[in-house]
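Q: Sharing a structure, written as structure tokens. Questions coming.
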Amino acid sequence: MIRLVALGEPLVQLNAVTPGPLRYVNYFERHIAGSEANFCVAAVMAGASCGLIARVGDDEFGKAVLEYLRGRGVDVSRVRVDGGAPTGIYFVQRHYPVPGRSVLVYYRRGSAGSRLSPEDVDVQYVKSADAVHSTGITLAISESAREAVYLAFEHAARRTFDTNIRPALWPSPEAAREAVLRALRGGVEILFTDPDDTRIVLGVSDPDEAYRRYRELGVEVLVYKEGARGAYVFHDGGKYFRRAYAVPVEDPTGAGDAMAGYFAALYLSRTPPERALDLAAAASTLVVTVRGDNEAVPTPADAERLLSSL
Ligand code: CKP
Ligand code: MG
């Protein structure tokens, strides 16, 4: 079984039960999310094992994160409980101002998760994993979290990375660009990204050009996500595009993480990239049909059922 380790901040998500501006939303549904936590759940569903390196607060939300992730089969033995700060939360505003899209409103500054630091990186644990994953979110939340990612990447056998540039978390696009380029420096085997992030990182958005440039930076496999249009996978042997399925969108948050966790688990266990992308696309399709980022990630058998129904 492929063993993955991810570094990042798990968060409590408060998802608006009704669509529209948050100021008129009275009911919120609680979910457990955060990009790397979502990645881990998806990887486990796809048949890998995944451990999370993170911090949560010594509070009810921290307990909820630990219980939920443990229940989903994620190894939380390296999630530290930090009594000095609360577990981060965020709200999801749905279908407003752009129908079919969501807006994330964070309450996470100074959170326990953002206090992740190189001290939390158990080097032996990292070295024993087949691959280590993180995202631009962890690079953005604090300097210590960013250094934790660089340290873990230094010791990783293989690396996977999702650019996930959240402009709200960065002082400037240049800062994001610089931090992401540094994360890519040691060579990333699978890079997950999209046109918006690639415009910030490389100043281009054409998929072929992006692959050429990322390749020069040491990326082996590029998963280039074009949202509701579909996604490409570029690799040594070629290029493949998987068109997205048109489904009713409840909340697209988490679609990228489902694709990343699913794809990484399958590809690293030697599933051909085209097939891995098909199944990963099925996983991300199902995620957008519900609120919550990871509850609808399917088993491979269910992903297969969806693919054969289309
Ligand atoms: O790129 P995705 O929509 O898949 O990422 C969603 C996650 O960690 C979500 O759980 C949210 O908490 C976050 O990204 C974030 O910090 O924006
Ligand atoms: Mg994403």
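Q: Within segment 19-31, is there a residue that is part of a strand (DSSP E or B), in contact with a strand residue (DSSP E or B) (Cβ under 7 Å, 6 or more places away or on another chain), hydrophobic (A, V, I, L, M, F, W, C) and over 25 Å from D122 (Cα atoms)?
A: Step one: list which residues in segment 19-31 are part of a strand (DSSP E or B), which gives 28-31.
In the following step, the residues that additionally are in contact with a strand residue (DSSP E or B) (Cβ under 7 Å, 6 or more places away or on another chain) were identified as 28-31.
Cutting the leftovers down to hydrophobic (A, V, I, L, M, F, W, C) gives us 28.
Applying the additional criterion that residues be over 25 Å from D122 (Cα atoms) yields 28.
Yes.
Q: Which pairs have Cβ atoms under 6 Å, sit 6 or more apart or on different chains, and link a residue in segment 239-251 that is surrounded by fewer than 15 Cβ atoms within 10 Å (Cβ to Cβ) to one that is polar (S, T, N, Q)?
A: From residues that are surrounded by fewer than 15 Cβ atoms within 10 Å (Cβ to Cβ), the pairs are V247/T285; V247/T289.
Q: Next question, about the same structure. In segment 131-173, what count of residues is obtained for those that are under 14 Å from the mean Cα position of the chain (by Cα) and surrounded by fewer than 20 Cβ atoms within 10 Å (Cβ to Cβ)?
A: 1
Q: Continuing with this model, one more query. Open to solvent by less than 10 Å² (accessible area, probe 1.4 Å) and part of a loop (DSSP other than H, G, I, E, B): does that describe V201?
A: No.
Q: Within segment 67-154, which strands (runs of 3 or more DSSP E) (wholly inside it) include 2 or more residues that are at pLDDT 95 or above and closer than 21 Å to N15 by Cβ?
A: The qualifying strands (runs of 3 or more DSSP E) are 89-94, 102-107.
Q: Mind telling me which of the residues S117, S128 ends up being open to solvent by 20 Å² or more (accessible area, probe 1.4 Å) and among the hydroxyl-bearing types (S, T, Y)?
A: S128
Q: In segment 206-232, which residues are open to solvent by less than 40 Å² (accessible area, probe 1.4 Å) and either more than 14 Å from ligand 2 (Cβ to nearest atom) or in contact (Cβ under 8 Å) with a residue 60 or more places away in the chain (or both)?
A: Within segment 206-232, P207, A210, Y211, Y214, G218, V219, V221, L222, G230, Y232 meet the criteria.
Q: Something else now. Working only within segment 176-205, note down all residues that are within 13 Å of ligand 2 (Cβ to nearest atom), charged (D, E, K, R) and touching a residue at least 40 places away in the same chain (Cβ under 8 Å).
A: Correct list: D194, D197.
Q: Could you list, in sequence order, all residues of segment 264-305 that are open to solvent by 30 Å² or more (accessible area, probe 1.4 Å), touching a residue at least 40 places away in the same chain (Cβ under 8 Å) and not in a loop (DSSP other than H, G, I, E, B)?
A: Passing the criteria: Y267, E274, P300.
Q: I would also like to ask the following. Condition first: away from ligand 1 (no atom under 16 Å from the Cβ) and either closer than 24 Å to A265 by Cβ or in contact with a strand residue (DSSP E or B) (Cβ under 9 Å, 6 or more places away or on another chain) (or both). Can you find one or more residues in segment 159-178 that meet it?
A: Keep residues of segment 159-178 that are away from ligand 1 (no atom under 16 Å from the Cβ), which gives 159, 171-175, 177-178.
Now narrow it down to the ones that are either closer than 24 Å to A265 by Cβ or in contact with a strand residue (DSSP E or B) (Cβ under 9 Å, 6 or more places away or on another chain) (or both): 159.
Looking for residues that are away from ligand 1 (no atom under 16 Å from the Cβ) and either closer than 24 Å to A265 by Cβ or in contact with a strand residue (DSSP E or B) (Cβ under 9 Å, 6 or more places away or on another chain) (or both), one finds at least one in segment 159-178, hence yes.
Q: I've got another one for you. So, Y240, is that one aromatic (F, W, Y) and touching an Asp or Glu at 6+ places or on another chain (Cβ under 9 Å) or not?
A: Yes.
Q: Among (1) surrounded by fewer than 23 Cβ atoms within 10 Å (Cβ to Cβ); (2) within 13 Å of ligand 1 (Cβ to nearest atom); (3) more than 17 Å from the chain's Cα centre (by Cα); (4) not small (G, A, S), where does T87 come up short?
A: Going through the list (1) surrounded by fewer than 23 Cβ atoms within 10 Å (Cβ to Cβ); (2) within 13 Å of ligand 1 (Cβ to nearest atom); (3) more than 17 Å from the chain's Cα centre (by Cα); (4) not small (G, A, S), T87 breaks only (1).
Q: Of the residues that sit in segment 174-194 and are of a type outside the set (A, V, I, L, M, F, W, C) and open to solvent by 30 Å² or more (accessible area, probe 1.4 Å), which one is farthest from A276 (Cα to Cα)? Steps first, answer last, please.
A: Filtering segment 174-194 for residues of a type outside the set (A, V, I, L, M, F, W, C) gives 174, 177-178, 182, 185-187, 189, 193-194.
So of that shortlist, the ones also open to solvent by 30 Å² or more (accessible area, probe 1.4 Å) come out as 174, 177-178, 182, 185-186, 194.
Values: E174: 33, R177: 28, E178: 30, R182: 27, R185: 25, G186: 24, D194: 18 Å.
My answer is E174.
The values are calculated or read from the model by the stated rules, or taken from the named source; none is laboratory data. Remember, predicted model here, so these are calculated numbers, not experimental data. Glycine also receives a Cβ, built like all others from the backbone with ideal geometry; neighbour counts cover every protein chain displayed. Accessible surface is based on the protein model in full, side chains and every heavy atom, while ligands, DNA and RNA are left aside. Shrake-Rupley method; radii C 1.70, N 1.55, O 1.52, S 1.80 Å.
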